[in-house]
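The values are calculated or read from the model by the stated rules, or taken from the named source; none is laboratory data. Treat the numbers as computed from the prediction; the structure is a model and nothing was measured. Reconstructed Cβ throughout: ideal geometry from the backbone, glycine too, with neighbour counts over all protein chains shown. To get the accessible areas, we keep the full protein, side chains included, count just its heavy atoms, and leave off ligands, DNA and RNA. Shrake-Rupley method; radii C 1.70, N 1.55, O 1.52, S 1.80 Å.
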Amino acid sequence: MKIQVKAGNDLRAKLATTVNVDNLFTELVKNSLQNNATLVRIDYNNNHVVVLDNGGGFDHVRDETGMNEFEKYFVFGNSYTKSNKHLNLGEMGIGGKAANDRLSDIKNTHWTITSRNKHNKSHRLTFKSTNEQFIQDLQPDLIEVPQHETKIPWNTGARVEIHNVNPQIIQDGWPDQKIRENLQLFFNMLYYQTKDENRPFNLWLNGKQIQFNNTLPGDPWMQERVHFKYMKDDRQHNSWYDLKLNVIDMKEKSLLNNVDLVSYTRVQRLFLDHKILEQNKHRDFVHTTPQDVATWWFKHIRGYVMCPDITDVKDSNGMGAKDLSHHRLHQDHPITRPFLESLHKKVGCHIHNKLEHMMDPKTLLQQTLNRVTGEIYKSFDVPQEFVRTEHHTVTDIKTINK
C-alpha cells in the first residue's frame, strides 16, 4: 500500500505569513522583472489591487516539462527559469502566490492573472478558494479572452488583480509610506544595475513614479571590492563583495538609515555581530570593545554591501543563502559564515583603529585642551589679525600671537 503525499490548504495561509504587508508588492514586482518587464504599475485601494506590467506574459504552450507557464506558476517550491530571462530574483516558487493570498481574504480568496503573450494570445486565470481541504483540490480556471478585454495596453504583459482584499489590511489601513520606501530600498541597486545594462525599469505606485537614488549621505569611508574564500563540496571557492560605505554625522537624515546587504535586491539590514567581532579583535586594541564597534557602525555608517553570490551560490539542496522570506541569511549555507567573517574582519579593523585613536588618552587630552583654548579665546576681544588657526587632526586650535 502506498500513501499519497498531500499538502493541506492551510499551507497557503502559513506561506502568506512569510511576507509582511510592507513587502507584499516587492514579491509581485520581482515576478514582473523576472518576466523581463521594464514597466510595472501598482494601484491599490480597499476594493481591489492591480499589478500591471509589460513583461512577456504567460506562455500557454506546454514545453519539454509537459507544462505551460500557468501550470508552472502553481507548482509550490519550484521556480522555472525562462531561456530568455534577464534576472533571477526568486527560486522558491512561493513569493507571488503568497503575496496574492496575503493581499486577499484567505477565507474567501479571489484573484486573477490576465496575460498577453508572444503568440498574440490572451488568457485569464481565475483563482478562488473557499473550504478546500487540500491544495490539489483547488482548480483555477483558465480561459482565452479577447485582447481588448485584458486591460493590458502593450503587445505582451500581465495583470494581477486581487478582487477580495484582505479585511485585516483594510481595518489596519494601508501603510502607504512604508510600502513606497520598501520598494525604493528593495529595488534601488537593481535599478542601477539594469540601467548600466541599458534596460532600466520604471516602477509606479498609485500613479506616482518610484524615484531611485544611489547617492549616499555623509563622507566616503570604504569603497572597495573584497575577496574571500568559502568551502563547498569539499572544494575551496573564490567569491567577493563590494563595499560602498559612508560615515555620517548623527544629524544627517536620509531614506537609507543603515547599511543594506544587497544581492541583486535588498536582503536585510546589516548589523555587526559581537561574537564575530570578538573573534577578529586584535590584542593591540585596548581602548575599544566589540560593542563599541557595533554601536559606532549602527550610528555612523550608511551604505551598501553587495554580494551577488549570496543569490548565485547554491547549497547541496540547490538553495541560495537567502531564507524562505528572502530577507535573511541561512546561517548554515556554505557562503554565509565565510562572508560574514570576512566582512567583520575588514570593517571591524577599520572601526577599531578609528575608535582607538578617538579614545586614546592623548587624543582625549588634546580635545580637552582645544576646548579650553577655545573658551579662553572667546573670553577675550582679540583682533582677528592676532589670531592664528592651527589645523589639528581632532579640532582646530586657535592661539594668540605674541
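Only one entry of 141, 105 meets the criterion of being open to solvent by 30 Å² or more (accessible area, probe 1.4 Å) and either small (Gly, Ala, Ser) or more than 28 Å from the chain's Cα centre (by Cα) (or both), and that entry is 141.
In this structure, does residue 272 turn out to be of a type in the set (A, V, I, L, M), at pLDDT 90 or above and surrounded by fewer than 19 Cβ atoms within 10 Å (Cβ to Cβ)? So residue 272 does not fit the description; no.
Summed over region 97-149, residues that are more than 17 Å from residue 68 (Cα to Cα) and among the small types (Gly, Ala, Ser) total 4. Would you mind stating whether residue 288 is in contact with a Gly (Cβ under 6 Å, 6 or more places away or on another chain) and either at pLDDT below 90 or not in a loop (DSSP other than H, G, I, E, B) (or both)? Criteria not met by residue 288. On the basis of being under 20 Å from the mean Cα position of the chain (by Cα), surrounded by 15 or more Cβ atoms within 10 Å (Cβ to Cβ), of a type in the set (Phe, Trp, Tyr) and modelled with pLDDT under 95, does residue 241 make the cut? No. Selection within region 305-328: residues that are part of a strand (DSSP E or B) and crowded, with 21+ Cβ neighbours inside 10 Å. The member of this set that is modelled with the lowest pLDDT is 322. Only residues that are at pLDDT 95 or above and charged (D, E, K, R): list them for region 181-221, please. Residue satisfying the conditions is 208 alone. Among the residues of region 215-238, those that are open to solvent by less than 80 Å² (accessible area, probe 1.4 Å) and either under 20 Å from residue 340 (Cα atoms) or free of Cβ contacts under 8 Å to residues at least 40 places away in the same chain (or both) comprise 221, 222, 224, 226, 228, 230, 232, 237. Of all the criteria given as (1) part of a strand (DSSP E or B); (2) exposed (fewer than 14 other Cβ atoms within 10 Å of the Cβ); (3) not basic (Lys, Arg), the one not satisfied by residue 126 is (2).
For the structure I just gave you, tell me whether residue 169 is of a type outside the set (Lys, Arg), on the phi < 0 side of the Ramachandran plot, open to solvent by less than 50 Å² (accessible area, probe 1.4 Å) and part of a helix (DSSP H, G or I). In short, yes.
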